[in-house]
1. Residues to consider are 42, 81, 16, 61; find the one that is exposed (fewer than 11 other Cβ atoms within 10 Å of the Cβ) and either modelled with pLDDT of 70 or more or under 18 Å from residue 1 (Cα atoms) (or both).
2. Considering 21, 37, which residue is free of Cβ contacts under 8 Å to residues at least 60 places away in the same chain, assigned to a loop (DSSP other than H, G, I, E, B) and either under 12 Å from the mean Cα position of the chain (by Cα) or over 19 Å from residue 75 (Cα atoms) (or both)?
C-alpha cells in the first residue's frame, strides 16, 4: 500500500493518525512515517489497512482487548489460508 493511499484511506474514514494507529496496533508516529513514505506498514498492520480499505472492518470505539482478539482472529485465518 502506497503512502498516498494510506493517507487517503485515513481521511476517507475520518480518522486521525492516532486513531488509524490504534486500529493497526502502532503509534501515530508510525502512521505519519507511512504517509510520508519513510517506512511502509508490514505484518498485521498491513492486514488491518487492507481490511479497512475493503470494508471488512468498521472503525468504532474498540477497546484494546477487542482489537487484540480481532488481530488474533485475522492472523489465524491468514495462516490457515496460507496452508
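The values are calculated or read from the model by the stated rules, or taken from the named source; none is laboratory data. A quick note: this is a predicted structure, and the numbers were derived from the prediction, not measured. Heads up, the Cβs are rebuilt from the backbone with ideal geometry, glycines too, and the neighbour counts pull from every protein chain shown.
1. Going through 42, 81, 16, 61 in turn, the sole match is 42.
2. 37
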